[in-house]
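Some notes on the structure that comes next.
The values are calculated or read from the model by the stated rules, or taken from the named source; none is laboratory data. All figures in this text were calculated on a predicted structure; none of them were measured in a lab. Every residue, glycine as well, gets a Cβ built from its backbone with ideal geometry; the counts of neighbours run over all protein chains shown. Please note that ligands, DNA and RNA were not included when accessible areas were found on the heavy atoms of the full protein model with its side chains. Shrake-Rupley method; radii C 1.70, N 1.55, O 1.52, S 1.80 Å.
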Amino acid sequence: MQDTAPRLVVEAIDLHERDVALRMPFRFGVVTLTHAPQAFVRVRVRLADGTTGEGMAAELLAPKWFDKNPRFSNEDNFDQLRAALGIARELYLDGASDTAFGHFARHYARQLERAAQRGLIPLVANYGPALIDRAVLDALCRALQLPFHEVIRANRAGIAPGGLCPDLAGFHWPVFLGGLQPSASIDARHTVGLVDPITRSDQTERVGDGLPETLEEVVSTYGHRWFKLKVAGDVAADLQRLARIASVLDRIGGGYRASLDGNEQYDDIDGIAELWRRMNAEPALTRLCASVAFIEQPIKRQAALARDVRALSSLKPVIIDESDDSLDAFVRARELGYQGVSSKTCKGLYKSLINSARCAAWNDRARSARGNAAAGEPIWFMSAEDLTIQAGLALQQDLALVSLMGIGHVERNGHHYVNGMAALSASEQQAFLDAHPDLYERSHGAVRVRIRDGALAIGSLRCTGFASGAAPDWASMRSMLTDRIP
């Protein structure tokens, strides 16, 4: 399997960033986001035969998601993530030759150790390799002149996590990876944030840029049929807001589906179970309750993996998101009754593929135990979640990954809270539109994500490299400082 995976040396890693301003405030968990920097990574690799390739990746430096300790400011959170990138850059530039996955595997433990020495929790620590691994994989794809999906399907990245994941010992990676198929489109699951207006009556003033602002307008404009509904940990207030949301969604002809996102706002399983019980007792929420596919990370991470959650997951699947801070987190969560885990590129593409393999293995065993190798809904699954992903590199690489893993819908909110590529240069906007005319369009004065009937067309992501036929304007960025620790 690894014989087909070229070994490479990471010769250079450049870290950059530029600012992102939101057109509307986004409230999730304990933060209301109005602006944040976006990190960009550019690497150069050299294969054993002397072939070189350059790769890139991008991700928002999101505050109050990785580390929600209230003593840290948003700026502190930005510096934590920058530091994680700085640690990873130093490790990956060790001059060693390895496969793309081999670099990740070799540095995994040391990244966590060095980050811990600087006061960084594992979810923060993993942010650094998450970006650098994507950029390295992009560079490998370009050196081989192959698209991302072909490199993964043929395992040219050398994915062999046996040493890191003993639960997958004996897993047949060639069959699993070779069976992955990218799709030409994917449904966009629209996020309804905690302060998002539901109807015009909720607004005292408008953004006024011509784009949809209320949930009503979003449904009318984009035709969504999948939604992600944030709850705040206050049962009475959550019930009232969900009833208002349902009054809009219930008007959608042909039905809709939704996920319920707790963002760690409930202290324990009892609190979220009470919310679900009360929701099902409300006639106004009958259709919405029936639409819910799963409940995402409702319990604070300090308690999420401390108690069994089958009292709730026996009624509705529950998944982990923020608690997914290590390669074995999903294994531990499964033992407590969790049925799923989120894929987020900010947590690492290899972690997503490993967890996808686990779902396949566990479901295969469950089907065999039932005596039917084909029938039955999967018990364990992956969802695809967003971190205010921006149009361009970050969006495209995330879409390519979740599509390849066979996930049919993905949370998308960056296009709603940010005015597309309006802040970017005209040449950068045009480059991405030319390279990916199915995914983007020009409207309201800027290039932006194109959503039709609630779906994104992504066929153009099957280009050489990791899902991008265009590059960002590096001259528009500043160098990242990685030595400040709060």
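Is one or more of the residues making up the range 387-395 under 11 Å from the mean Cα position of the chain (by Cα) and either at pLDDT below 95 or open to solvent by 30 Å² or more (accessible area, probe 1.4 Å) (or both)?
Filtering the range 387-395 down to residues under 11 Å from the mean Cα position of the chain (by Cα) leaves 387-389, 394-395.
Next, from what is left, pick out any that are either at pLDDT below 95 or open to solvent by 30 Å² or more (accessible area, probe 1.4 Å) (or both): 387-388.
Scanning the range 387-395 turns up at least one residue that is under 11 Å from the mean Cα position of the chain (by Cα) and either at pLDDT below 95 or open to solvent by 30 Å² or more (accessible area, probe 1.4 Å) (or both).
Taken together, Y350, Y338 contain a single residue that is at pLDDT 95 or above, buried (at least 24 other Cβ atoms within 10 Å of the Cβ), under 30 Å from L33 (Cα atoms) and of a type in the set (F, W, Y), which is Y338. For the range 328-347, the criterion of a residue being among the hydroxyl-bearing types (S, T, Y) and out of contact with any Ser or Thr (no Cβ under 6 Å at 6 or more places or on another chain) is satisfied by at least one position.
Looking only at residues in the range 56-98 that are polar (S, T, N, Q) and touching a residue at least 12 places away in the same chain (Cβ under 8 Å), the one that is farthest from P147 (Cα to Cα) is S73.
Taking residues in the range 266-287 that are in contact (Cβ under 8 Å) with a residue 24 or more places away in the chain and under 13 Å from R241 (Cα atoms), and partners anywhere that are surrounded by 15 or more Cβ atoms within 10 Å (Cβ to Cβ) and of a type in the set (S, T, N, Q), the pairs with Cβ atoms closer than 8 Å and at least 6 places apart or on different chains are A284/S247. Screening P25 with (1) open to solvent by 10 Å² or more (accessible area, probe 1.4 Å); (2) modelled with pLDDT of 95 or more gives one miss only, at (2). One residue is enough: does the range 243-255 have a residue meeting the conditions loosely packed, with under 15 Cβ neighbours inside 10 Å, in contact (Cβ under 8 Å) with a residue 24 or more places away in the chain and small (G, A, S)? The answer is yes; a qualifying residue exists.
Taken together, the criteria exclude S383 from residues that are part of a helix (DSSP H, G or I), buried (at least 18 other Cβ atoms within 10 Å of the Cβ) and under 14 Å from the mean Cα position of the chain (by Cα). Can you tell which of R277, R310, R332 is closer than 26 Å to N126 by Cα and open to solvent by 10 Å² or more (accessible area, probe 1.4 Å)? Result: R332 is the single residue among R277, R310, R332 that is closer than 26 Å to N126 by Cα and open to solvent by 10 Å² or more (accessible area, probe 1.4 Å). The C-beta contact set for the range 32-55 (first residue farther than 30 Å from D196 by Cα, second residue open to solvent by 10 Å² or more (accessible area, probe 1.4 Å) and of a type in the set (S, T, Y), distance under 6 angstrom, 6+ apart or interchain) comprises R46/T52. Here D76 does not qualify as of a type in the set (D, E), open to solvent by 20 Å² or more (accessible area, probe 1.4 Å) and either touching a helix residue (DSSP H, G or I) at 6+ places or on another chain (Cβ under 9 Å) or over 17 Å from L481 (Cα atoms) (or both).
Could you tell me which of the residues A361, A333, A293 is under 23 Å from G406 (Cα atoms), part of a strand (DSSP E or B) and either in contact (Cβ under 8 Å) with a residue 24 or more places away in the chain or under 21 Å from the mean Cα position of the chain (by Cα) (or both)? From the options A361, A333, A293, the qualifying one is A293.
Annotation note: Cβ proximity below 6 Å between a residue of the range 400-427 that is touching a residue at least 60 places away in the same chain (Cβ under 8 Å) and a residue that is open to solvent by 20 Å² or more (accessible area, probe 1.4 Å) and of a type in the set (K, R) (sequence gap 6+ or interchain) occurs for N419/R23.
Taken together, the residues in the range 95-119 that are assigned to a loop (DSSP other than H, G, I, E, B) and within 26 Å of L393 (Cα to Cα) amount to 1. Can you say whether F66 is closer than 18 Å to C346 by Cα and aromatic (F, W, Y), as far as the supplied structure shows? When the stated conditions are applied, F66 passes them. Evaluate the range 41-55: report whether one residue or more is of a type outside the set (S, T, N, Q), surrounded by 21 or more Cβ atoms within 10 Å (Cβ to Cβ), out of contact with any His (no Cβ under 9 Å at 6 or more places or on another chain) and over 24 Å from Y108 (Cβ atoms). The answer is no; no qualifying residue exists. Can you name every residue in the range 458-486 that is part of a helix (DSSP H, G or I) and surrounded by fewer than 19 Cβ atoms within 10 Å (Cβ to Cβ)? If the condition is that a residue be part of a helix (DSSP H, G or I) and surrounded by fewer than 19 Cβ atoms within 10 Å (Cβ to Cβ), then G459, S460, W474, A475, S476 are the ones that fit. If you take the residues of the range 437-457 that are open to solvent by less than 10 Å² (accessible area, probe 1.4 Å) and either more than 23 Å from E17 (Cβ to Cβ) or among the aliphatic types (A, V, I, L, M) (or both), which of them is nearest to the chain's Cα centre (by Cα)? Restricting to residues being open to solvent by less than 10 Å² (accessible area, probe 1.4 Å) and either more than 23 Å from E17 (Cβ to Cβ) or among the aliphatic types (A, V, I, L, M) (or both), the top hit is L456.
Rundown of residues vs (1) under 28 Å from P298 (Cβ atoms); (2) small (G, A, S), yes/no style:
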position	(1), (2)
T4	no, no
V10	no, no
V31	yes, no
A36	yes, yes
V41	no, no
T52	no, no
A57	no, yes
L60	yes, no
I87	no, no
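Out of all the residues in the range 41-94, which are among the charged types (D, E, K, R) and not in a loop (DSSP other than H, G, I, E, B)? Even if it seems obvious, please write down each step before you answer.
As a first pass, look at the range 41-94 and keep what is among the charged types (D, E, K, R): 42, 44, 46, 49, 54, 59, 64, 67-68, 71, 75-76, 79, 82, 89-90, 94.
Across the range 41-94, the qualifying residues are R42, R44, R46, E54, E59, E75, D76, D79, R82, R89, E90.
Just to be sure I understand, how many residues within the range 207-263 are among the charged types (D, E, K, R) and within 16 Å of R27 (Cβ to Cβ)? Result for the range 207-263: 8. Restricting attention to the range 409-423, does a residue exist that is acidic (D, E), over 20 Å from the mean Cα position of the chain (by Cα) and at pLDDT 95 or above? So far as the range 409-423 goes, no, none of its residues is acidic (D, E), over 20 Å from the mean Cα position of the chain (by Cα) and at pLDDT 95 or above.
A search for C-beta distances below 6 Å between a residue of the range 158-187 that is within 15 Å of A400 (Cα to Cα) and free of Cβ contacts under 8 Å to residues at least 12 places away in the same chain and any residue that is open to solvent by 60 Å² or more (accessible area, probe 1.4 Å) and among the charged types (D, E, K, R), counting only pairs 6+ apart in sequence or on different chains, returns nothing.
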